[in-house]
Structures are given as structure tokens and as C-alpha cells.
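Take a look at the structure below.
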Amino acid sequence: LSPLRNVVLIGFMGSGKSTIGRALAHILGRPFVDTDVLIEESSGMTISDIFSQMGERAFREMESEAVRACTSLHGTVVAVGGGAVEDEDTRRLLKDRCIVVLLEASDETILSRIERCEDRPLLAGLGREEKLALIRRLVDRRLPAYRDAASLVVNAEGPIDFIARRIASSLADFDSSAGGGSTSNGGDSPPEVHGIQVSTPTGSYNVHVGAGLLKTGGDCLRNLCGDEARVFLVSNPLVSQLWSGHIEQTLRSCGCRVERALVGDGEKHKTLATASLLYDALVSQGHDRESIVVALGGGVVGDLAGFVAATFMRGLRLIQVPTTLLSQVDSSIGGKTGVNHPLGKNMIGAFHQPVLVLSDVNVLQTLPSKVFSDGLAEVVKTAIIAGEALFGSLERDAASITCRRPEALREMVAACVRVKARVVSRDERDWADRMVLNLGHTFGHALEAACGYEGVSHGEAVSLGMCMALRLSSLLGVAEPHLAERVAGLLRLFGLPTRLSELRPCPHPEDILSHLASDKKRRRGRLRFILPVTIGDVRVVDDVPYDLIEQVVNGRFT
Ligand SMILES: NC(=O)c1ccc[n+]([C@@H]2O[C@H](COP(=O)([O-])OP(=O)(O)OC[C@H]3O[C@@H](n4cnc5c(N)ncnc54)[C@H](O)[C@@H]3O)[C@@H](O)[C@H]2O)c1
């Protein structure tokens with residue numbers, strides 16, 4: 001999908017992966033991630049404590065998970081722990097997905113670099129000669145694996161900056177797509193920013209959409225925050241490493257005092273228990289009603305931090321800084337916040353409008369392909385609701401969008417935000433107009449449930465749900481001819497499934513129908529579908545004959 005392959009630095013401890021990695025990331029204009037930091041921030045323990053309390057094996061499992069998460073990113077520089085590459089699966093992932101740079105240094109250099117460090121569990125308690133002997137043994141053991149994984153071998157002796165520059169120029173020869181500036185906004189010229197207003201009875205605010213806004217969004221932040229505002233920045237360990245540096249610097253330059261709180265990555269952390277940890281941090285840091293919550297992350301962080309902002313001291317100001325495509329085009333706008341209950345998603349929540357949404361499309365460069373595609377399903381949904389102008393532009397610009405060209409992303413996100421802003425401005429509380437945003441979701445939710453929330457992502461379920469809604473619409477004679485084929489064509493261009501048979505394993509029709517039936521019970525006996533008539537015209541229908549629903553689910557039309 002993206003030409004922006006990750007650059008991964010491997011090598012023995014002390015070979016300079018972190019320092020050289022950071023310098024290389026700076027030269028290439030990319031974010032930098034250190035898997036050791038990711039492990040420490042995700043577990044809340046130091047590497048030494050993990051080794052001593054849980055053992056090396058537990059650490060290696062955490063390490064493989066961290067490397068897996070990093071290899072699915074795009075356009076980053078990653079430093080990977082020295083032992084990770086010994087694992088064959090990890091090595092394969094690195095070779096398949098990344099440009100792997102091996103940093104080599106002499107045993108003496110390695111020892112001189114790490115001798116003073118207390119936090120090297122493998123060398124703890126050894127004398128100099130023993131350390132040297134262990135380093136030699138480990139280097140001999142690991143070298144074949146390192147060499148096998150490496151696309152480029154670099155001598156890492158000498159000044160850091162010099163080595164980083166040498167790697168950068170080798171990368172340019174090696175793979176032109178790895179060149180720098182991928183996330184820049186075109187030098188020093190100011191980024192083009194769209195400002196879109198959302199007006200609801202409980203709050204009006206601007207959504208700013210542009211490339212590079214995390215660095216350049218100081219002006220809109222300054223007006224809001226005022227001098228010496230206290231900012232409680234909520235993120236997760238991965239997004240924080242990738243992108244919090246830029247926004248924290250911008251906030252500080254506006255005079256804000258920033259405190260960061262990290263929550264676990266993923267839907268399973270969107271709970272009252274996590275919210276409670278955030279309340280604890282707010283209380284212990286002495287925040288008051290003047291503090292501002294900044295949510296830096298995807299929909300999970302946005303919903304959770306938004307809920308905390310809505311409820312702590314009866315409401316703090318909230319700034320949404322969405323970092324996934326879904327959160328930029330959908331969840332950060334409209335004020336729905338909440339957490340999951342063991343018996344249902346988003347069961348506990350509040351409407352709490354942000355005071356500002358800052359959408360920097362550059363952050364989308366690092367999204368894993370699957371997360372990016374998931375967001376595109378919501379984009380297509382928005383375009384079907386919006387009309388020919390947006391839908392046609394997606395068809396025309398599909399190649400630039402899938403390559404993640406910043407200008408294409410900026411225009412696409414801004415267009416979707418305009419649609420969402422219009423809908424929520426008319427119906428903040430989701431009683432009427434806002435319902436159309438559920439296009440594809442009635443079938444989609446049933447599909448997700450029938451798959452046990454595994455094997456199908458939300459975006460894939462929405463994509464299939466839209467195709468099923470379109471087929472239902474055709475069966476009812478509501479949809480115009482060829483509409484279903486046209487929408488499916490765009491979904492396919494965006495790498496999304498359009499047929500149930502593409503799912504592995506394919507859910508059983510009876511399971512989908514039974515989940516639709518329980519949805520029906522929840523809605524007092526009626527199943528509501530949003531049915532497209534044509535691009536730009538969708539209809540809310542809740543009296544669909546059951547046998548037509550059965551036909552769609554049974555796949556005769558999928
Ligand atoms: N409030 C609303 O109106 C609304 C609307 C739709 C969905 N939602 C909620 O949104 C959530 C889903 O949001 P999501 O799809 O953004 O998922 P997510 O927040 O879980 O993010 C997906 C993954 O992408 C990673 N990520 C985020 N930004 C990244 C970046 N720039 N680069 C690399 N990786 C990055 C995250 O760490 C995570 O692993 C669900 O909980 C859903 O209920 C809310």
C-alpha cells in the first residue's frame with residue numbers, strides 16, 4: 001500500500017540503536033520508536049524489573065509483541081532490542097516489512113558504551129573481563145541471525161551524527177521511497193489549513209485539518225489555553241512515542257504545562273477501570289476545573305479521555321487530537337464520549353463537545369495498513385451520504401489516497417469533517433438526522449458479533465454492511481441501478497471486502513440473523529436500516545420484510 005517502509009535498526013546492545021535511530025529519524029523527518037521504551041511504558045515496569053520479576057522468557061514474549069506492532073507501522077524509524085532478532089518469526093516479519101539496518105561495533109566499543117549502564121540485565125553483577133567474554137559469546141551466537149535479517153550493514157563506530165547521515169544516504173540509494181521529508185508539509189511554507197465550524201446547542205468549536213498541524217497549530221491552541229494552562233495529555237504508549245513530542249512542544253511554546261498519562265492500547269482498555277486510573281492521576285497531580293484534557297490517539301483514546309473530561313469535576317475542557325483516519329473523519333467530532341461495559345460497547349457515556357479538534361493528516365503516514373483501510377470504510381460511508389462531489393473525488397483520487405499523499409488526505413478528511421459537522425450541528429443528540437451516519441452499521445454490528453469480534457475489523461464489517469444494505473435497497477427497488485456495483489468498486493480500490501465469502505472464517509448466516517434479531521429486540525421490535533437510494537440520498541427504513549433480510553444474509557446477493 002504505502003511506499004513508506006519502516007527503517008529498523010538492529011544490533012547488539014551498545015551498538016547505538018537508540019541514539020543513532022533518533023538522529024536518523026530526525027534527518028529523515030520521521031517519528032522514532034524504541035521497542036524497549038514501548039515495552040516499559042506498556043507494562044509500567046523497567047526492563048530490569050521485567051527480567052528479575054518475570055524472567056527472560058516473559059520479556060521475549062513482550063518484545064515479540066512490541067516488534068509485531070512496530071513492523072505494521074509505516075514511515076517510522078524503529079530501534080529493536082538486541083535479542084529480538086534471534087526469534088525466527090520476528091526476523092521474518094522484519095525482513096518482509098522493513099528495511100533492516102544492522103549496526104556493528106567492536107566488542108571493546110560495545111563494552112565501553114554500556115559499561116556504566118546499570119540497566120543491562122544480561123550483564124548485571126559481572127566484572128569487566130566476564131562482561132567482555134559474555135559479549136563475545138552473545139555476538140557470536142546472534143551474528144548469523146543479525147546478518148540474515150539485515151538489508152544493510154553499517155559500521156557504528158564514530159560520531160552519532162556522522163553515522164546517521166551515512167545511513168540516510170545509503171538508504172536513499174538502497175530504496176528511494178525511504179527518503180526523508182515524508183511527513184513534512186513542504187519545507188517552511190505554512191500548511192494549508194481547513195477550519196470547519198461545528199455548532200451544537202451545548203458548544204461550538206472549530207475542527208482544523210491540515211498537514212503538519214501538530215507542529216504549527218500553536219495559534220489556535222494559544223487562544224484557547226491562555227497563559228500557564230495545565231494540560232492533561234492522554235495517549236497510549238505507541239502513539240505517544242510516535243507523535244506526542246510535536247504536540248507537547250507546541251503546547252509548551254504556548255505557555256502550557258503538560259502532564260502525560262498513558263493508557264493501554266486497544267478497545268479492551270476503554271473501560272471504567274481505565275477511566276478510574278485517569279481520575280486518580282488527575283487528582284494526584286492536583287488538576288482543577290481550569291485544566292484542559294488533550295486526547296492524542298484514535299477513537300479509543302478519544303472516547304475514553306473525552307469521557308473523563310466530561311465527568312471529572314463535572315466537566316473539563318477537551319481538545320481532540322485524533323491520530324487515526326476513523327477518528328479524524330468521525331469519532332473526534334460530535335461530542336460522543338464513553339467507555340464499554342462488559343455487556344456492551346459504549347454503554348456508559350456522555351455527550352461532551354470538545355473546544356477544539358486538531359487533525360494533522362501527517363500522523364496518518366504511520367498508521368498500519370489495516371487501520372488506515374478501516375478508516376476508509378467510514379470515508380466511503382460519509383461520501384455515500386454526502387453526494388456526488390465527494391464520492392466522485394474519492395474515485396478520481398483513490399491512488400493518491402491509498403499512497404497517503406498529504407494533500408489528498410487533507411482534502412478528503414476536510415470534506416468528511418464538513419459532512420459530519422453538518423449532521424451533528426442539526427442533531428447533536430442522535431435523535432433523527434444523525435442516524436444516517438449508521439449506514440452499514442446494522443448489518444456490520446451483526447457481522448462483528450457473529451464473528452465473535454475476531455477475524456473481522458470494524459471497517460471490514462462496515463464495508464460488508466454497506467454492501468448488504470445496498471443489496472437490500474436493490475431488492476426493495478429503492479436503489480438506483482448499478483449503485484451497488486459502483487460503491488463496491490470504490491471499496492475494493494480501498495482494499496476493503498465486498499463479499500461475505502472474503503471473510504476467513506466466514507460467519508454462518510444463522511449467526512448473523514440471530515444477532516440481527518437481538519438488535520431488533522433492543523429497538524422495541526423494529527430493525528432499522530439506512531438504505532442508499534443514490535449517491536447523496538439515503539433513507540431510514542424500519543419496516544423491511546424479514547424474508548428479504550434473510551435473502552441478503554444468506555448470500556444470494558453477496
Ligand atoms: N465517539 C464517536 O462518535 C465514535 C464514532 C466511531 C467510533 N468510535 C469508537 O472509536 C474506537 C475505534 O477507533 P480507532 O479505529 O481509531 O481505533 P484505535 O483508537 O484502537 O486505534 C487503532 C490502532 O491504531 C494505533 N494508532 C493510532 N494512531 C496511530 C498513528 N498515527 N500511527 C500508528 N498507529 C496509530 C492505535 O494505537 C491502535 O493500535 C472504538 O472504540 C469506537 O467505539 C467512536
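The values are calculated or read from the model by the stated rules, or taken from the named source; none is laboratory data. Every value quoted in this text rests on a predicted model; they were computed, and no experiment measured them. Every residue, glycine among them, receives a Cβ derived from its backbone with ideal geometry; neighbour counts consider all protein chains shown. Accessible surface is based on the protein model in full, side chains and every heavy atom, while ligands, DNA and RNA are left aside. Shrake-Rupley method; radii C 1.70, N 1.55, O 1.52, S 1.80 Å.
Residues in region 331-349 that are outside any strand (DSSP E or B) and either at positive phi or touching a strand residue (DSSP E or B) at 6+ places or on another chain (Cβ under 9 Å) (or both): Ser331, Ser332, Ile333, Gly334, Gly335, Pro342.
Going through Leu531, Leu496 one at a time, which residue ends up being in contact with a Lys or Arg (Cβ under 6 Å, 6 or more places away or on another chain) and surrounded by 16 or more Cβ atoms within 10 Å (Cβ to Cβ)? So that I can check it myself, show each step before the final result.
On the way: Leu496 fails: in contact with a Lys or Arg (Cβ under 6 Å, 6 or more places away or on another chain).
None of the others qualify; the one that does is Leu531.
Only one of the listed residues (Leu224, Leu213) is within 20 Å of Pro322 (Cβ to Cβ) and in contact with a helix residue (DSSP H, G or I) (Cβ under 9 Å, 6 or more places away or on another chain). That residue is Leu213. Of the listed requirements (1) within 19 Å of Glu428 (Cβ to Cβ); (2) more than 8 Å from the ligand (Cβ to nearest atom); (3) more than 18 Å from the chain's Cα centre (by Cα), Val329 misses just one: (3). Of all residues in region 227-238, those satisfying the criterion of being open to solvent by 20 Å² or more (accessible area, probe 1.4 Å) and either out of contact with any strand residue (DSSP E or B) (no Cβ under 7 Å at 6 or more places or on another chain) or at pLDDT 95 or above (or both) are Asp227, Arg230, Leu238.
Listed conditions (1) within 16 Å of the ligand (Cβ to nearest atom); (2) open to solvent by 50 Å² or more (accessible area, probe 1.4 Å) are all met by Cys70, apart from (2). Scanning region 351-373 for residues that are open to solvent by less than 30 Å² (accessible area, probe 1.4 Å) and either more than 8 Å from the ligand (Cβ to nearest atom) or charged (D, E, K, R) (or both) yields a count of 11.
Out of Thr382, Thr337, one residue alone is over 19 Å from Val234 (Cα atoms) and open to solvent by less than 30 Å² (accessible area, probe 1.4 Å). It is Thr382. Do you know which of the residues in region 288-317 that are away from the ligand (no atom under 12 Å from the Cβ) and open to solvent by less than 10 Å² (accessible area, probe 1.4 Å) is nearest to the chain's Cα centre (by Cα)? The qualifying residue nearest to the chain's Cα centre (by Cα) is Val294. Looking across region 73-93 at every residue that is in a loop (DSSP other than H, G, I, E, B), within 16 Å of the ligand (Cβ to nearest atom) and at negative phi, the one that is surrounded by the most Cβ atoms within 10 Å (Cβ to Cβ) is identified as Thr76.
Among the residues that make up region 328-344, is at least one of them small (Gly, Ala, Ser) and out of contact with any helix residue (DSSP H, G or I) (no Cβ under 9 Å at 6 or more places or on another chain)?
Taking every residue of region 328-344 in turn, at least one turns out to be small (Gly, Ala, Ser) and out of contact with any helix residue (DSSP H, G or I) (no Cβ under 9 Å at 6 or more places or on another chain).
For region 238-294, residues that are in contact (Cβ under 8 Å) with a residue 12 or more places away in the chain, hydrophobic (A, V, I, L, M, F, W, C) and closer than 23 Å to Asn340 by Cα total 13.
Could you list, in sequence order, the residues of region 204-223 that are of a type outside the set (Gly, Ala, Ser) and surrounded by fewer than 17 Cβ atoms within 10 Å (Cβ to Cβ)?
In the first step, residues of region 204-223 are kept if they are of a type outside the set (Gly, Ala, Ser); the result is 205-209, 213-216, 219-223.
Selection gives Asp219, Asn223.
Could you identify the single residue in Ala273, Ala281, Ala229 that is more than 10 Å from the ligand (Cβ to nearest atom) and closer than 30 Å to Lys370 by Cβ? It is Ala273.
A single entry from Leu143, Leu111, Leu126 fulfils the requirement of being touching a residue at least 12 places away in the same chain (Cβ under 8 Å) and either in a helix (DSSP H, G or I) or of a type outside the set (D, E, K, R) (or both): Leu111.
Where helices (runs of 4 or more DSSP H) fall wholly inside region 380-483, the ranges with 1 or more residues that are among the hydrophobic types (A, V, I, L, M, F, W, C) and within 19 Å of the chain's Cα centre (by Cα) are 388-402, 406-426, 458-475.
Among the candidates Ser64, Ser15, the residue that is among the small types (Gly, Ala, Ser) and open to solvent by less than 10 Å² (accessible area, probe 1.4 Å) is uniquely Ser15.
Condition check for Gly255 on (1) within 12 Å of the ligand (Cβ to nearest atom); (2) at pLDDT below 95: one failure, at (1). What is the number of the single condition among (1) part of a loop (DSSP other than H, G, I, E, B); (2) on the phi < 0 side of the Ramachandran plot; (3) of a type outside the set (Asp, Glu) that Gln53 does not meet? (1) is the only condition that Gln53 fails. Against the condition over 30 Å from Asn362 (Cβ atoms) and either within 16 Å of the ligand (Cβ to nearest atom) or at pLDDT below 90 (or both), how does Leu134 come out, does it pass? The answer is yes for Leu134. Selection within region 332-350: residues that are free of Cβ contacts under 8 Å to residues at least 24 places away in the same chain and of a type in the set (A, V, I, L, M, F, W, C). The member of this set that is farthest from the ligand (Cβ to nearest atom) is Leu343.
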